[in-house]
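I have placed the structure first, in the form of structure tokens, so that the comments after it can refer back to it.
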Amino acid sequence: MKKTIAIIISAGFLFACNNAAENKTEEKPAAASEATNAKPAIELPFKAEYSSNFTQDVSDQDLKTALDSYVFWRDGDLDKLAAIMGDTAEVEMADGSSKKWVNVELKKMWKMHRDSMSKVDIMMEAWTKLKSDKGDNIIATWYKETDTYKTGKVDSAYYHDINILKDGKIVYYSTFKKPAK
């Protein structure tokens, strides 16, 4: 699954770069566009194991569901958070641990962690919708989270998350963390 994550992230960045390139091509005159199309295809050094074919054909409702998960975490509303998760969800944490959780167990784990904090602030920096040719609806997010613990300790970090949704529920969540300086 970690290979899949790396591929999804890479594909997301490639997709973003390809969109920028496509937009620039549309702005060029037709003759310049034809010259660009005449270039031979570049042979890439790797073949994507999962997919390299993504669109942004993911519903706005799936995007809202993923973004709501951050609101529910921030607000400490774990009942609403659990309600948008699948019956089971695979979760990969920033420390490298990974587990397939039953919804009730996941909620208990979250409760223990969230109860140690008095406040959570989330500054959402960016997100993108990605639909793979395998049919996965993916919402990738980038944000800064500042956690204030009941002990008074304050911890801030930058995160990049991957949320995969099926039937309107989050069934896979992976997070990457970089401590803020």
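Close Cβ contacts (under 6 Å, 6 or more residues apart or on different chains) running from residues in segment 51-64 that are of a type outside the set (Lys, Arg) to residues that are in a loop (DSSP other than H, G, I, E, B) comprise Ser51/Asp133; Ser51/Lys134; Asn53/Asp133.
Of the residues making up segment 120-157, those that are over 21 Å from Leu81 (Cα atoms) and of a type in the set (Ser, Thr, Tyr) are Ser132, Thr151, Ser156.
When restricted to residues that are under 17 Å from the mean Cα position of the chain (by Cα) and either in a helix (DSSP H, G or I) or aliphatic (A, V, I, L, M) (or both), segment 75-104 contains 7.
Looking at segment 91-112, which of its residues are under 20 Å from Phe176 (Cα atoms) and surrounded by 12 or more Cβ atoms within 10 Å (Cβ to Cβ)? Reasoning before the result, please.
Kept after step one, since they are under 20 Å from Phe176 (Cα atoms), are these residues of segment 91-112: 91-101, 106, 109-110.
Selection gives Val91, Glu92, Met93, Ala94, Ser98, Lys99, Lys100, Trp101, Leu106, Met109, Trp110.
Taken together, the residues in segment 142-181 that are of a type in the set (Lys, Arg), out of contact with any Asp or Glu (no Cβ under 9 Å at 6 or more places or on another chain) and farther than 20 Å from Ser98 by Cα amount to 1.
Among the residues of segment 123-131, is there at least one that is in a loop (DSSP other than H, G, I, E, B) and within 17 Å of Gly76 (Cα to Cα)? No, because not a single residue in segment 123-131 is in a loop (DSSP other than H, G, I, E, B) and within 17 Å of Gly76 (Cα to Cα).
Looking at segment 123-154 only, could you name the residues that are among the charged types (D, E, K, R) and in contact (Cβ under 8 Å) with a residue 12 or more places away in the chain? Correct list: Glu125, Lys129, Lys131, Asp133, Lys134, Asp136, Lys144, Glu145, Asp147, Lys150.
Using the structure shown, decide if Tyr172 is touching a residue at least 60 places away in the same chain (Cβ under 8 Å), farther than 21 Å from Ser59 by Cα, surrounded by 12 or more Cβ atoms within 10 Å (Cβ to Cβ) and not polar (S, T, N, Q). Show your work before the answer.
Working: touching a residue at least 60 places away in the same chain (Cβ under 8 Å): yes; farther than 21 Å from Ser59 by Cα: no; surrounded by 12 or more Cβ atoms within 10 Å (Cβ to Cβ): yes; not polar (S, T, N, Q): yes.
So Tyr172 does not fit the description; no.
Bear in mind that the values in this text are calculations on the coordinates, not laboratory data. As the structure is a computational prediction, the values presented were derived from the model and not from experiment. Glycine also receives a Cβ, built like all others from the backbone with ideal geometry; neighbour counts cover every protein chain displayed.
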